[in-house]
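What follows is one structure encoded as structure tokens, with my remarks underneath.
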Amino acid sequence: MILAVESSCDDTSVALVDMTGALFFHRSLSQNDLHAPYGGVVPELASRTHSERLPYLVETAFSETGLSLDQVSAAALTVGPGLSGGLLAAISFLKGLCWAKNIPMIPVHHIRAHLRVAMDPSLVIPRESLGLVVSGGHTHLYRIREWPDLDLVGQTTDDAAGEAFDKGAKALGLPYPGGPEIEKQSRLWDGPLLKFVRGIHTKNPFDFSFSGLKTAFVGQVRQAGGDLSRIPQFAASYQSAIVAHLVSRIEKALETFRPPALLVGGGVAANEHFRKALEILCDEGGIPLHIAPRPLCGDNAVMVALTGLELFRTGCRVNSPYAEIRPRPRWDED
Ligand code: KG4
Ligand code: ZN
């Protein structure tokens, strides 16, 4: 078995898979309710909570499945990029556990894990595919030269797409995280949509930018003066504008690179409007689209387990004294 842990942001998640990738256990504990009063993730609160919940979740994984640590061949864990306190909580806990039981560890790159579950793990990710990760912390577009090597071709120049959803939701008085709330409200509206900004300019044609859109949106919401009946229209218009911007940049990248596949993951990839827009775009362009299944779009330990399993098969594992296992909050820059 591979035991896997994810703790890079505000979800504590544990999974157990066997050597064929079959899932035996998966449980995530969200910290949304803890961070909601602050309108975003508070890193210190997140790391303390991971530290409290992780031993309990791992214990539960074994007690519910009847499996034991003796059956674990390796422990995979996210070591970055992410919030250092949360990464350290899982690293410290697993180092102790693995040292005691002489279990090797597999350090997993969070972004690669999001992309790995976008495509069926039994398939090889084709060279030169494009990969997009859209979450609360990332809006990053990569060329996958040869899996798992990623070349960044575009990224947000300000807020991430999920952050834009969260800030917009806050302006409408909706709870955190805002993306699912905006999506829910949007379903209540099928009338005309509001326009917010005419064009979004970035130097790099594959970069994204959401702050102008968000400022224009917040301005119009204020002008509406708290008219609650308008929330669905505002939400649907904002969602549509964010998705249109994402799609415009992806379209440009597809035309330029003509990739053999487009892989999409991250919390925002759960958005139905976005998924449909991507399907239409890829259909028209004749490019195979692979989006993570909705339950695996946000942070989860299954993606860590499957990425870890792939690494394990290639011989990647770290034995005692685990010096290589350290938090890498900015993995791509260190
Ligand atoms: O990947 P994720 O769980 O965590 C990281 O940020 O790494 O992504 C969370 C983000 C939040 O900003 C949340 O508002 C957004 O993903 N999100 C959505 C949806 N579900 C989650 N945004 C739009 N529509 C959704 N259905
Ligand atoms: Zn993530």
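The values are calculated or read from the model by the stated rules, or taken from the named source; none is laboratory data. These figures come from a predicted structure and were not determined experimentally. Note that we place each Cβ from the backbone using ideal geometry, even for glycine, and neighbour counts take in every protein chain shown. Areas reflect the complete protein model, heavy atoms only, side chains present, ligands, DNA and RNA absent. Shrake-Rupley method; radii C 1.70, N 1.55, O 1.52, S 1.80 Å.
Surface exposure of the chain, expressed per residue as accessible area with a 1.4 Å probe, stands at 44 Å². Over region 78-143, the hull volume per residue, using the convex hull of the C-alpha atoms, is 99 Å³. Peptides 140-152, 273-285 ranked from most to least packed, by the mean per-residue count of other Cβ atoms within 10 Å: 140-152, 273-285. Efficiency by 1/(1 + (r/R0)^6): what FRET value for Asn102 and Asp18, r their Cβ-Cβ distance, R0 = 22 Å, to the nearest 0.05? Efficiency computed from Cβ-Cβ geometry: 0.65.
Among the trypsin sites (Lys or Arg not before Pro) within region 160-198, those in coil by DSSP and having at most 16 neighbouring Cβ atoms inside 10 Å are Arg187, Lys195, Arg198. Of Tyr176, Pro126, Asn271, which is farthest towards the positive pole of region 122-296's charge dipole, taken about the Cα centre with +1 and -1 on the beta-carbons of Lys, Arg and Asp, Glu respectively? Highest projection toward the positive end goes to Tyr176. Can you list the lysines whose alpha carbon sits under 23 Å from that of Lys167, skipping same-chain ones fewer than 8 residues off? Once the sequence-local lysines are set aside, what remains near Lys167 is Lys184, Lys195, Lys214. Rolling a 1.4 angstrom probe over the chain with all protein chains present gives an accessible area of which 52% lies on carbon and sulfur atoms. Within the assembled protein chains, the solvent-accessible surface assigned to Cys316 is about 50 Å², based on a 1.4 Å probe.
In the chain, the DSSP beta bridges split such that about 60 percent are antiparallel, to the nearest 5. Secondary structure note: in region 122-296, about 60% of the DSSP beta bridges are antiparallel. Where the alpha-carbon atoms of the chain are placed on the principal axes, they occupy 61, 44, 34 Å, in descending order. For Thr156, the amide hydrogen comes within under 5 Å of the amide hydrogens of Thr139, Phe208, counting only partners 5 or more places away or on other chains and with H modelled in the peptide plane. Placing +1 on the Cβ of every Lys and Arg and -1 on the Cβ of every Asp and Glu, with no other charges, gives the chain a dipole of roughly 400 debye about its Cα centre.
Net charge of the neighbourhood of Thr157, taken over other residues with C-beta under 11 Å away and scored Lys/Arg +1, Asp/Glu -1, is -2. The Lys203 and Lys170 beta-carbon pair, evaluated with R₀ = 30 Å, returns a calculated FRET efficiency of approximately 0.55.
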